[in-house]
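Heads up, the thing below is written out as structure tokens.
The values are calculated or read from the model by the stated rules, or taken from the named source; none is laboratory data. Note that this is a predicted model, so its numbers are computed, not measured. Cβ atoms come from the backbone with ideal geometry, glycine included; neighbour counts cover every protein chain shown.
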Amino acid sequence: MINWKQILTVVAISTCITSGYAFACNKQGAAKSDKHQGCGCKKGEKGKFKQKISNRLNSKLDLTAEQKTKVDSIFDEVHPKMEAIRKSTDQQIRAVLNPEQQAKFDKMVEKRAERHKEWHSPE
């Protein structure tokens, strides 16, 4: 059974973390084309998003080895759930749009998928 409270909590925390990193990157003048707004990964550092976030949590919170392992497991467990939520959300949004808006939305989703693949796929 899906624990929606846990999923929503993780999504909220992830959003806060990502927003904070995006703000920090923008504040430092990072160009969107050069750095991932979530973790500061530069192009060519594919697949390091989770590692960068994990390292940042570790450095800011002084995680024990056991805690770091558990945090990494949480990322691994939650990522497919977040992808499912994103897909469901896209489908629901698309359903309320007219055909012209759907075409624009489909392009937006495609661009997001390309960015996601570029920054999150393994090397």
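Those residues that are surrounded by 12 or more Cβ atoms within 10 Å (Cβ to Cβ), at pLDDT 90 or above and hydrophobic (A, V, I, L, M, F, W, C), I need them from region 78-107; list them, please. Once the filter is applied, which keeps residues that are surrounded by 12 or more Cβ atoms within 10 Å (Cβ to Cβ), at pLDDT 90 or above and hydrophobic (A, V, I, L, M, F, W, C), region 78-107 yields A84, I85, I93, L97, F105.
One residue is enough: does region 66-79 have a residue meeting the conditions out of contact with any strand residue (DSSP E or B) (no Cβ under 9 Å at 6 or more places or on another chain) and farther than 19 Å from I13 by Cα? Among the residues of region 66-79, at least one is out of contact with any strand residue (DSSP E or B) (no Cβ under 9 Å at 6 or more places or on another chain) and farther than 19 Å from I13 by Cα, which makes the answer yes.
Contact map, region 70-81: first residue in contact (Cβ under 8 Å) with a residue 40 or more places away in the chain, second residue of a type in the set (S, T, Y), Cβ cut-off under 8 Å, separation 6 or more or different chains; pairs are V78/S14.
Apart from one condition, Q28 fits all of (1) modelled with pLDDT under 85; (2) within 17 Å of the chain's Cα centre (by Cα); the exception is (2).
The single condition among (1) exposed (fewer than 15 other Cβ atoms within 10 Å of the Cβ); (2) free of Cβ contacts under 8 Å to residues at least 40 places away in the same chain that N58 does not meet is (1).
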